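Note sheet for the following structure.
The values are calculated or read from the model by the stated rules, or taken from the named source; none is laboratory data. No experiment lies behind these values; they were computed from the predicted model shown. Virtual Cβ from ideal backbone geometry, glycine too; neighbours counted across all protein chains shown.
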Amino acid sequence: MLELKHVKKYYSIKQNAFKFFSPSVKIKKVIDDVSFELGQGEVLVLAGESGSGKTTLAKLIIGYITPDAGDIVFLGQNVNNSKKNKSFYSSIQMIHQDPYSSINPYLKIKDIVMEPLKIHNGNLSYAEKEKKVRIALSRTKLEPVEEFLEKYPNMLSGGQRQRVSIARAIVSIPRLIIADEPVSMLDVSIRAEILSLLNELRNSLNISIIYITHDLATSRFIGDKIGIMFAGNLVEFGNIDEVLLNPLHPYTWMLLDAVNFSSSGSNVYYKTPEQTNSFNIPSAGCKFYNSCKLSSNECTSDPQKYEISKGHFVSCFNYKKHDIDDN
Ligand SMILES: Nc1ncnc2c1ncn2[C@@H]1O[C@H](COP(=O)(O)OP(=O)(O)OP(=O)(O)O)[C@@H](O)[C@H]1O
Ligand code: SF4
Ligand SMILES: [Mg+2]
């Protein structure tokens, strides 16, 4: 359903802006050669530290920004082809992190949820649109529906507002939803409810979801696959149970140890911040080099992508060394 092939997005950043005669321009590889596939009804968790490129990848998939190289093919169409058919636009919807800024405070819930239908389904009568809005509110458990239709966002809790965002995203029954940290700004007590709701909707409507999160601990609850991002690279990708229970990239170990997921104490593979001399990302070769304890000479060139078992990929020359003895 979705395929990314060698997608790259670079930004040029001006340095030494005060040096009039010699400003230098540095190229920042925000997304650097990312490829993966996602099937209909599958949930892909994208995880990685702040600045690793998760939101940029989401913007590329939804077509807000264009890649500098590579292809993004969704339902058989290139996302960057200007002649996409109309249904493309209603087939991907986004849920943002902040339920306060992502919905218009001056509109009634009915009108907020109806927005995608007004844009993409102009042929429907008002009554038909309202019927779809009622179904979306009911599916997201904003009940009694009659009451919620007439309310304004300031009358709702954070969790209810995020349900409104979800209702708006599903009202046109899209094929793919990209949820960018949809629960991180919500109270811990209601995060599980929202995740359960997304899971239910994927099962009942067969919608694929790209779920962006920092929270690896809850990601297994919803994900089928996981992609681990580091500095614009997808360093590990595969079935979520396989990757989390049998991690191969030193950075995946580092993320897992941060949430005490693994019991083995695996910092034999990576350097802790105290042990790292340089936080700089090398401009060539493996970007994790300065934080890695397994590095070897070949790591100064770009790591290859190895398929370890069906669909489990890792970009690391020394992934086999993960069996090394801790003692
Ligand atoms: N328009 C832009 N121009 C220059 N740099 C950009 C631009 N957009 C994003 N970046 C840079 O790209 C990198 C990745 O940003 P992105 O927002 O995709 O990260 P993220 O993984 O979503 O982080 P977070 O977890 O904090 O949301 C960051 O270093 C950011 O500063
Ligand atoms: S490629 Fe080399 S430097 Fe990069 S993570 Fe693997 S061992 Fe470490
Ligand atoms: Mg982000």
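Within the stretch 173-217, track down each residue that is of a type in the set (Gly, Ala, Ser) and touching a strand residue (DSSP E or B) at 6+ places or on another chain (Cβ under 7 Å).
Once the filter is applied, which keeps residues that are of a type in the set (Gly, Ala, Ser) and touching a strand residue (DSSP E or B) at 6+ places or on another chain (Cβ under 7 Å), the stretch 173-217 yields Ala179, Ser208.
Please give the helices (runs of 4 or more DSSP H) falling wholly within the stretch 179-283 in which 1 or more residues are more than 16 Å from ligand 2 (Cβ to nearest atom) and over 18 Å from the mean Cα position of the chain (by Cα).
188-205, 240-245, 250-258
Given the condition assigned by TED's automatic domain parsing to the domain that holds Glu37, in contact with a Ser or Thr (Cβ under 8 Å, 6 or more places away or on another chain) and part of a strand (DSSP E or B), answer yes or no: does some residue in the stretch 166-177 qualify?
yes
Would you pick out the residues in the stretch 33-49 that are surrounded by 15 or more Cβ atoms within 10 Å (Cβ to Cβ) and away from ligand 1 (no atom under 11 Å from the Cβ)?
Hits for the stretch 33-49 are Asp33, Val34, Ser35, Phe36, Glu37, Leu38, Gly41, Glu42, Val43, Leu44, Val45.
Can you tell me which residues in the stretch 63-110 are among the small types (Gly, Ala, Ser), in contact (Cβ under 8 Å) with a residue 40 or more places away in the chain and on the phi > 0 side of the Ramachandran plot?
Gly70
Residues that are more than 9 Å from ligand 1 (Cβ to nearest atom) and of a type in the set (A, V, I, L, M, F, W, C): does the stretch 50-60 have at least one?
yes
Given the criteria within 15 Å of ligand 3 (Cβ to nearest atom), at pLDDT 95 or above and more than 12 Å from the chain's Cα centre (by Cα), does Ile31 qualify?
Yes, satisfied.
Could you please find all residues in the stretch 165-205 being out of contact with any Phe, Trp or Tyr (no Cβ under 7 Å at 6 or more places or on another chain) and among the small types (Gly, Ala, Ser)?
Within the stretch 165-205, Ser165, Ala167, Ala169, Ser172, Ser184, Ser189, Ala192, Ser196, Ser204 meet the criteria.
Collect the residues in the stretch 284-304 that are closer than 18 Å to Trp253 by Cβ and either part of a loop (DSSP other than H, G, I, E, B) or free of Cβ contacts under 8 Å to residues at least 40 places away in the same chain (or both), keeping them in residue-number order.
Listed by number, the residues that qualify are Cys286, Lys287, Phe288, Tyr289, Asn290, Lys293, Leu294, Ser295, Ser296, Cys299, Pro303.
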